[in-house]
Amino acid sequence: MSIPAATPQGEVEQHDASRPEPLPGDAGLQAGPVEPVEPATSTKPAESQAEPAEPLATAITERDRHFMRLALEAAEEARAAGEVPVGAVLVRGDEVVATGFNHPIGAHDPSAHAEMAALRAAGAALRNYRLPGCELYVTLEPCLMCAGAIMHARIARVVYGARDPKTGACGSVVDAFSNGQLNHHTGVAGGVLETECGEALRAFFAERRRASREARREARRAAGLEPGVADNSR
């Protein structure tokens, strides 16, 4: 099934559910022979680790809240498609370049997170796998996969809404963006419209649990293991 997922601003939304598009940066890669990797058996003392980099200062503004509201609208598209409601908006200055929403189930693609969809659409819109000067707004703290793509795309700043205590890579579980050994450092701001973003997720999972309980109850009734509701219409 074809699912609208990520759209360069001003174009008709159309998404190929197979999601085979290249990740940002794939277009510039060339195939070549793979050199064997020697096992790490060196006895030389390990070099000292670089000090973690402090995330760039990112004060939250009304502008941030505006774009996060747009990301929430994108998250609603995910909810309508039966997916976990996470939405993302990629902007350059005050221009919305692309939006994306979470759709790994419908796309049969584990990488089809909202951030990835927005990055792919933005790369296509700007015809560049690097997106310097752009900011990414997402309703849920990015995971490690998305954090890596964000840094590869050279995103200047990522702003998220709700924190993710299970897979968050902006400090909740790991802090990918503060690693001083990396050659690009993205500014991070979290907690923008956190209540609204978190409530969208809580409401979705509450409804899914309710529907699951009802489905089990109906299955038991069909099997004669649970009495049905009495008919008092007569």
Discussion item. Test of understanding: what is the full-extension gain from Glu199 to Leu70, defined as 0.36 nm times their sequence separation minus their Cα-Cα distance?
Written reply: 44.9 nm
Worksheet item: Given 0.36 nm per residue, what is the gain on full extension from Ala215 to His108 after removing their alpha carbon distance, in nm?
Response: 36.1 nm
Fill in: Reference-scaled alpha-carbon Rg (2.2 N^0.38 Å with N residues) for region 80-159
1.00
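Read-outs throughout are calculated quantities, based only on the coordinates presented, and are distinct from any laboratory measurement. Because the structure is predicted, anything quoted here is derived from the model rather than measured.
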